[in-house]
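The values are calculated or read from the model by the stated rules, or taken from the named source; none is laboratory data. Because the structure is a prediction, the values reported are computed rather than measured. With ideal geometry, Cβ positions are generated from the backbone for all residues, glycine too; neighbour counts draw on all protein chains shown. With ligands, DNA and RNA removed, areas are computed over all heavy atoms of the protein, side chains included. Shrake-Rupley method; radii C 1.70, N 1.55, O 1.52, S 1.80 Å.
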Amino acid sequence: MTLLSLSSVGIEFGATPLLDGVSFTVAKGERWGIVGRNGCGKTSIFKVITGALTPTAGSVARMPGLRVSLLDQHRDFGDATTVWAAAARPYADVMQLEITLADTALRLAELGEHAPEALLEQYGRDMERFAHEGGYTFHARVDAVLQGLGFDAHAAKTQLVKTLSGGERGRLGLAAQLVSPADLLLLDEPTNHLDLETTTWLQEYLRELDGTVIVISHDRAFLDDVVDHVLHLEGKTGYTYRGGYSQFVLQRAERRLAQERQVEQQRKMIAKEEDYIRRNIAGQNTAQAKGRRKRLDRLPRLTPPPGESGVMVLRLESDDRGGDRVIVAEQLAIRMGDRTLVQGFSATANRGDVIALVGPNGAGKSTFIKTLIGERAPTAGEVKLGGSINAAYFRQDLDQLPLDQSLYDVINDLRPLWTRGAIQNHLGMFGFSGDEVFRSTRSLSGGERARLAMGIIVLQRANLLILDEPTNHLDVESIEALEDAIDDYDGSVLLVSHDRALLRELATRVWAFNGNALIDYGGTFAEWERERQSTVLAERAAAALANDARKEQEKAKARQNAAAQQQDHAARRESKRALDKAEQAVAAAEDTVAAIRRELEDPALYDGSGANAKRAGLLDKQLADALKTLDAAFARWAELDG
C-alpha cells in the first residue's frame, strides 16, 4: 500500500531554486533515509510531506487520512508540566477520555438499575473508542520509550519539564514522537542527543516498529542498520537507491561512473560532429553539414555528476612529533558535588593512539577532558599531557569561536602575515567562498560553525587532537572528509563521538565509562563493541531469568490472592444467603402475628359461647409464641445485618 508519493517536485525560494524533479514513492512498512549536504533541502522535503510547504512544481499524493508525526523543532510540550505527561501528549485526548470514563462509571454505580439507557449507550461507545485508540496500551508504551531513551519512567511522572537540559528536552521530544499513533514517522537527526546505548535502543525500536519511517540523519551506522531505501539530494535534485547506507555508497559510485561514461561518449560524439561540420560547411556536403549542425543544436547536453565542490577539504598536520607518552593518568578521581565521575583511573596513552572516550550522556566525558587540559582540578590523583605535547581542543559547544567577528578576521587574527588570498583559500577549504568570508560568526549555522572550528584546529598544527562530538553538525560528506583526515594524521587523538561508523573506522583503543569507573580497553572500538554486546546479552539473559522468576512469584501471589478472594466471595455469598433467610423469617413471623391478631379482633369470637372462649384463649397463647418467634427472628436479622 502506497502511503506517500512525490512526483517531479520542485522547490524555489523567491528566484532561487532549491530542488527540481524530485520523485519517490513510500510504501507501508518501508524505512527511508534522506541524506545530502547541509542546506540541500532535506528539511524542506519534510515540510512538503506534511503540507507545511507547497512545492512550486510537481505534485504530492498522500493516502487519505494519513497520520504524520514530525518533531516540532521548538519542542513545544504544550501545557504538560511533567516529563511523563509531555511524552504522553500525543494521547492527550485518550487521557481525557480515560477521566471521562472513570466519572461515568462512578455515576452508573450510583444510579444502579435506574441508569438511563442513553448514558449506558454513551459509556459503551466511549469504551470502544478508548480501546480502539490505544487506551489500554499507551501507558506501557510511554514507559518503555522513556526508559529506552534514558529516562526513569517512574520518576518521570513527577519530574518537571522545566528542569531538563537542552539535550534532555531533545530526547523527550523524540519520545513523544515515537509513542505517537502515526502511520508515518518523520525523524530529523534523531541521534543528535543520544549516546551509544540509547542510539542502539532506538535502532532496535525502529526495526521492530510496525510503521513507516523517513529519517534525516548523518549517522552512517544508524542508517545502515535502520533504512532499506535512501533518497540522496545533490545537484538540486534527488536520486533514489535501495538498501542501507553502505549499499547506497556503492550504487552511487556505480551511477556516477555510468553517468561520467555517458557524458564522455556524448562529448566525443559532439566533437566528431563539430569536426565534420567545420570541414564540410562550405564544400559539396554543405547541406549535410547544415543538417548535422541543426541536430547538434537541438541535442540535449548530458550533465556530469555533481562534484565535491563545497565539501570540507581537511588535512591535519603537526609541527612537532612530541613524546611517546601523550596522556598519563595516575589514580585519577573526579567528583562533581556529591557525585563521583571517575575513581582510581590509571592509564597511559601513547603516540599514534586514537582513543574513543565513550559513555552514557552525563557520565562525565566533557568533564574528564576539562580536567585533562587543566580547566578544572582533579579531586585526587593526576592526569597530565606528556612532554612536548601540544593539544588542540574541539569543544562540543563550539565555545572556542569568537562572537561578532567576520570569518576573515578570525583567520587573520591567527595568521596575521597571510595575504588576503591565502586567508580566502583557507576558508574555501571549509566551504566558505566569495563574500561568505565576511559574514559574522554569529550568523553561522551549526554546521558552518563546526567547519570554521575545524579550520581553526587545522591552523594549530597540534600533535594531540581532543575532539568532543566533532560530527554533531556536519553532513555525511564532511564527516567522511574528517574521517579521512584523522586516518592520515600522524599525531594522537582523543575522540568523543556517538558516530559508531567513525569510531569503528578509527579508534585503536577505548576508554569507557562504567558507573564511576573509567575502563581502559586495549582493543579497537569494533572489538570493544562486540565484547560489550556479549556482556549486554549475558546481562539481558540474567535479567530475563530474574524477570521470569519474579513473574512466577507474582503469579503464585496472584493465585493466593485469587484463592483468598474466592474464599472471601464464598463467605460473602453465604452471609448474603443467611441474611436473606433471616429477612424471610422476620417477614413470616410478622405475617403469623398479623394473622393471629386479625382473628383475635373478630367480634364473633366473643359471643359468650364456651367453644369461642376456649378458642380465644388458644389464640392468646399462639400470639405470645408468635411474638417470641418474631423477636428472635428480628434479633437474628439485626445480628447478620450489623
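Calculated from the alpha-carbon coordinates, the range 1-140 shows an Rg and a Dmax of 22.2, 72 Å respectively.
For the chain, the longest principal axis of the alpha carbon atoms and the long axis of helix 245-280 meet at an angle near 40°.
Take each peptide in 413-422, 282-291, count the other Cβ atoms within 10 Å of every residue, and average; sorted highest first, the result is 282-291, 413-422. Alpha carbon centre of the range 473-537 versus the range 198-225: separation in Å? Computed from Cα coordinates, the inter-centre distance equals 20 Å.
Here the 3J(HN,Hα) profile of the range 3-11, calculated from phi with Karplus coefficients 6.51, -1.76 and 1.60 at θ = phi - 60°, is 8, 8, 9, 10, 10, 6, 6, x, 9 Hz, Gly and Pro shown as x. Note on the range 118-191: dipole from Cβ charges, positive end direction compared against G148, T137, S165; the farthest Cα belongs to S165. A cut-off of 5 Å between modelled amide H atoms, ignoring neighbours fewer than 5 places along the same chain, links G21 with V9, G10.
Show me the trypsin sites (Lys or Arg not before Pro) within the range 155-256 that DSSP assigns to loop and that have at most 16 other Cβ atoms within 10 Å of their Cβ. Display every interim value, and only then the final one.
Numbers: sites: K157, K162, R169, R171, R207, R220, K236, R242, R252, R255, R256; in loops: K236.
Here the trypsin sites (Lys or Arg not before Pro) that fit, given the DSSP loop and packing criteria, are K236.
How big is D, in µm² s⁻¹, for the range 415-528 by Stokes-Einstein at 10 °C and 1.306 mPa s if Rh is the Kirkwood radius over C-alpha pairs?
Details: Rh = 15.9 Å.
Diffusion coefficient, whole number: 100 µm²/s.
Calculate the dipole size of the chain relative to its Cα centre from +1 charges on Lys and Arg beta carbons and -1 charges on Asp and Glu beta carbons; express the result in debye to the nearest 20. List each step's numbers first, then the result.
Values: 78 positive and 92 negative charges, 517 e Å.
About 2480 debye.
Dipole magnitude for the range 407-491: about 580 debye, using +1 per Lys or Arg Cβ and -1 per Asp or Glu Cβ, origin at the Cα centre. Of the GluC sites (Glu not before Pro) in the range 256-357, the ones in a loop by DSSP (not H, G, I, E or B) with at most 16 other beta carbons within 10 Å are E308, E317. Look at (1) 158; (2) 266; (3) 210: the one that is volume of the Cα convex hull per residue in Å³ derived from this structure is (2).
Look at the Cα gyration tensor of the range 314-377: its axes a ≥ b ≥ c give a/c of at least 1.5 with a/b over b/c, and that counts as prolate.
Evaluating 6.51 cos²θ - 1.76 cosθ + 1.60 at θ = phi - 60° for every residue in the range 331-342, the Karplus couplings come out as 6, 6, 10, 10, 10, 10, x, 8, 9, 8, 8, 9 Hz, glycine and proline recorded as x. Please work out the C-alpha center-to-center distance from the range 229-268 to the range 1-50 and express it in whole Å. Here the answer is 17 Å between Cα centres. Computed on the chain, with alpha-carbon pairs under 8 angstrom and 6+ residues apart, the relative contact order is 12 percent. Across the range 222-227, rounded Karplus estimates of 3J(HN,Hα) from the backbone phi angles (6.51 cos²θ - 1.76 cosθ + 1.60, θ = phi - 60°) give 4, 4, 4, 8, 10, 8 Hz, Gly and Pro being marked x. Just name one of V458, T471, Y276: the one whose Cα is farthest towards the positive end of the charge dipole of the chain (beta-carbon charges, Lys/Arg +1, Asp/Glu -1). Towards the positive end, the residue furthest out is Y276. According to the Cα-based calculation, Rg over Rh for the range 321-468 is 1.04, with Rh computed by the Kirkwood formula. Sorted into 10 angstrom bins from 0, the C-alpha pair distances of the range 84-175 split as 15, 37, 24, 16, 7, 1 percent.
Helical content alone sets the calculated 222 nm signal of the chain at -16500 deg cm²/dmol, taking -39,500 (n - 2.57) per DSSP H segment of four or more residues and averaging over every residue.
Measure off, as a whole percent, the carbon and sulfur share of the 1.4 Å-probe accessible area of the range 468-536, all protein chains present.
Details: 990 of 2470 Å².
Accessible surface attributable to carbon and sulfur in the range 468-536 totals 40 percent.
The H on the amide N of A80, modeled in the peptide plane, is under 5 Å from the matching H of no residue at least 5 residues off or on a different chain.
Charge dipole (Cα centre; +1 on Lys/Arg Cβ, -1 on Asp/Glu Cβ; no other charges) of the range 28-123 amounts to roughly 1140 debye. Here the accessible area is traced with a 1.4 Å probe on the protein chains. For the range 131-175, carbon and sulfur cover 56 percent of it.
Rounded to the nearest 5, what % of the DSSP beta bridges within the chain are antiparallel ones?
Details: 39 of 72 bridges.
If we restrict to bridges inside the chain, about 55 percent are antiparallel.
Taking a ≥ b ≥ c as the square roots of the eigenvalues of the Cα gyration tensor of the range 257-368, is the shape rounded (a/c under 1.5), prolate (a/b larger than b/c) or oblate? Prolate, because a/c is 1.5 or more and a/b exceeds b/c. Amide H contacts for L187 (H built 1.01 Å from N in the peptide plane; partners 5 or more residues away or on another chain; cut-off under 5 Å): I214, V215, I216. Peptides 629-636, 479-486 ordered by packing proxy, namely the average of other Cβ atoms within 10 Å per residue, highest first: 479-486, 629-636. Once the gyration tensor of the Cα atoms in the range 578-642 is diagonalised, the equivalent ellipsoid follows with semi-axes of 31, 10, 6 Å, ordered largest first. Out of the chymotrypsin sites (Phe, Trp or Tyr not before Pro) in the range 118-192, which ones are loop residues according to DSSP with at most 15 other C-beta atoms within 10 Å? Qualifying residues, ordered by number: Y136.
For the range 1-49, with all protein chains in place and a probe radius of 1.4 Å, 51% of the accessible heavy-atom surface sits on carbon or sulfur.
In this structure S246 has an accessible area near 60 Å², from a 1.4 Å probe over the protein heavy atoms.
Residue ranking by accessible heavy-atom surface, 1.4 Å probe, largest first, among L174, L119 comes out as L119, L174.
At a probe radius of 1.4 angstrom, the accessible area of the chain per residue rounds to 53 square angstrom.
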